[in-house]
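The values are calculated or read from the model by the stated rules, or taken from the named source; none is laboratory data. The structure presented is a predicted model; accordingly, all values stated were derived computationally and were not measured. Neighbour counts run over all protein chains shown; Cβ positions are idealised from the backbone, glycine included. Heavy atoms of the whole protein, side chains included, go into the accessibility calculation; ligands, DNA and RNA do not. Shrake-Rupley method; radii C 1.70, N 1.55, O 1.52, S 1.80 Å.
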Amino acid sequence: MGVEVVVEGLSKSFGKQTIWRDVSLTLPPGEISVLLGPSGTGKSVFLKSLVGLLKPEHGRIVITGTDIVRCSEHKLYDVRKLFGVLFQDGALFGSMNLFDNIAFPLREHTKKGEAEIRRIVLEKMEMVGLIGAEKKLPGEISGGMRKRAGLARALVLDPEIILFDEPDSGLDPVRVAYLNQLIVDLNAQIDATFLIVTHDIGTARTVPDNIGMLFRRELVMFGPREVLLTSTEPVVEQFLMGRREGPIGMSEEKDAGQAAAELAALRAGGSSGPLGGPKGGGGTGIVPQLEPTPGLPIRKAVERRKDRVMQILHTLPPSAQDAIINSLTREEQQHYGVFAGAGVTQTQPPVQISTANQARADQPLGQTPRPTPYPRTANLPESEWQPQSGALTSDDAPAPAPEPGRKRGWLRRGGEK
Ligand SMILES: Nc1ncnc2c1ncn2[C@@H]1O[C@H](COP(=O)(O)OP(=O)(O)OP(=O)(O)O)[C@@H](O)[C@H]1O
């Protein structure tokens, strides 16, 4: 299983330019997470910070008990070995054929013999569908093949965390669909922790378990996919619909008054002009998540995530709760003690209702209450994974707490307030 990545109170600036501040999130082990955000909001800077290529000024990034923001170069080198990174253009050496490009990390960082290297390289090339292209030079193949070669190279050291920087950039929609399937298939095969930076809404809607979004130098949200996909937050809706109307402008931010007027017009059913239509499979609402190709192992992360999300269900907005419950089979709903829609009989003892949802239960007499969809915590299994609060190993100096007084988003560590 991949490892957890805990980010707490992270802030990064270049000189006077703040890129983002107080970013906190946890990438659950083995799950696929996507980071969205308008251009220039610092998604690539975030990826580079995760691998220790850039140093944030505040906060910490804890991976296997090491805060990589503050650790020694020697420790950072060790932690980096856990990562595989797919850069936008594949970052291949133009003068080397694909075999040598993919073998490069093995030759540089291991003492493996050529026979073993050949076995590993061919295995990874097969995983990404490149068998037969070993002798090709990067300049002789398509952009999609270059990405897959970059992915094979990212895989050769058996990473526990894989970062994808806009894997879909420059690809046509069909290639994007193939690449997305490949990402899901790989996750099923290696169970590593994936973080994908993308602008492609189709990818965001169908691939990840969790979605986050950066905007105006903050992490607007990070949590289970159902939260973002059912969100009515203007910036999220605008992004998912690929609309001009909303807080995101040509140069990232718009005047607040103009954004509010546009949104009011939209809500009233009018529009200041053509909407432009959703791009890249855009739209709001839940669509089915991609499953591994038949014949491959099931994604172990999906089962783990189910337990994890059910434990935080009561902290999520009602629309996300409904979407999650509706995604469960009837047996799973019974297992977790939750009930969807009117057609499902309540077979469990009365559920515990959180204060936030008390209003639903306090309906006037005579009205049939909707079965309460919130989980009985007593019904929940022991989850294999719990967020570790960024616990550091004893030989690391404890990192200072995040700056006091900074505003925190409501959904950070996969759902904590
Ligand atoms: N090494 C650097 N030195 C100074 N500024 C930098 C550096 N790297 C990035 N930036 C600035 O940080 C900001 C965020 O850049 P970044 O590439 O992370 O955005 P992004 O969200 O990935 O954008 P896009 O979606 O267009 O790829 C930009 O204003 C960029 O100019």
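Remarks
- Pairs of Lys residues in segment 5-213 are counted when their Cα atoms are under 18 angstrom apart and they lie 8 or more places apart or on different chains; the count is 18.
- Largest accessible area first, the residues 310, 241 order themselves as 241, 310 under a 1.4 Å probe with ligands, DNA and RNA left out.
- Taking each residue as 0.36 nm, the span from residue 53 to residue 112 lengthens on full extension beyond its C-alpha to C-alpha distance by 18.6 nm.
- Accessible surface calculations at 1.4 Å, restricted to protein heavy atoms, place segment 5-213 at 37 Å² per residue.
- Given their separation in residues at 0.36 nm each and the Cα-Cα distance between them, residue 142 and residue 332 gain 64.0 nm when the chain is fully extended.
- Förster radius 25 Å - calculated FRET efficiency between residue 298 and residue 88 (Cβ-Cβ, nearest 0.05): 0.25
- Label point distance in nm, residue 172-residue 1, each placed 7 Å from Cα along Cα→Cβ: 4.2
- Extension gain (nm, one decimal) between residue 72 and residue 96, 0.36 nm per residue minus Cα-Cα: 5.3 nm
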